[in-house]
Every structure is written in structure tokens, then in C-alpha cells.
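The values are calculated or read from the model by the stated rules, or taken from the named source; none is laboratory data. From a predicted model like this one, the values you see are computed outputs, not experimental measurements. With ideal geometry, Cβ positions are generated from the backbone for all residues, glycine too; neighbour counts draw on all protein chains shown.
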Amino acid sequence: MHLTLPQDKSAMTNPIKKFLAMTPEKQMIYRGRRRTDIFFKLNDLNNPELMEHVEVARTRYDVTVGSVDEFTDKIMKQFI
């Protein structure tokens, strides 16, 4: 996708606004899954299959809003 200012400003800023409007828990889910290449866009939060995977991982690894950064760092280091 190739966007240019000023005509595409809303297309560029709408995803940011949508993310910032989410609850901290939804932001945490998106951040963790995006960083581990499970989510690619905000609408992936509406995918029941992906969300089931998220819930299993969240429970298994006890990921919370406060620990999502530590969790994703740990996961990413395993891939290196």
C-alpha cells in the first residue's frame, strides 16, 4: 500500500486512533500477538481462531498487561 500526505492522512491515522481507543487488555493482546507475527492487522482481534490461540497462550504463560513486554521479549529471543 502506498499512501501520501495530505490526501491519505485519515487512512494513515485511523489504525492508530483505533488502537488507542481499545481497552488496555485488547491493546496488550494485539501488541503481544503482533510482535510474535500472529496478528497482522487490528481486525485480527475479531478472528475467533486467532483469539482462541491467544487465550490458550495467555493462560499458559500467565501474560498480563504488565508482563506482555517481558513475554514478547522472551519469545523473540527464542527465535534468534
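Annotations
- The single condition from (1) modelled with pLDDT of 85 or more; (2) surrounded by 12 or more Cβ atoms within 10 Å (Cβ to Cβ); (3) among the aromatic types (Phe, Trp, Tyr) that PHE39 fails is (1).
- Which listed residue, of LYS18, LYS77, LYS9, LYS26, is of a type in the set (D, E, K, R), surrounded by 10 or more Cβ atoms within 10 Å (Cβ to Cβ) and over 13 Å from the mean Cα position of the chain (by Cα): LYS9
- Region 56-74, residues that are assigned to a helix (DSSP H, G or I), loosely packed, with under 10 Cβ neighbours inside 10 Å and of a type outside the set (Val, Ile, Thr): ARG60
- THR4 touching a Ser or Thr at 6+ places or on another chain (Cβ under 8 Å) and either exposed (fewer than 12 other Cβ atoms within 10 Å of the Cβ) or polar (S, T, N, Q) (or both): no
- Unique residue being in a helix (DSSP H, G or I) and under 18 Å from ILE75 (Cα atoms) when the list is MET28, MET12: MET28
- Of all residues in region 40-54, those being part of a helix (DSSP H, G or I) and touching a helix residue (DSSP H, G or I) at 6+ places or on another chain (Cβ under 9 Å) number 7.
- Residue among GLN27, GLN78 that alone is at pLDDT below 85 and of a type outside the set (D, E, K, R): GLN78
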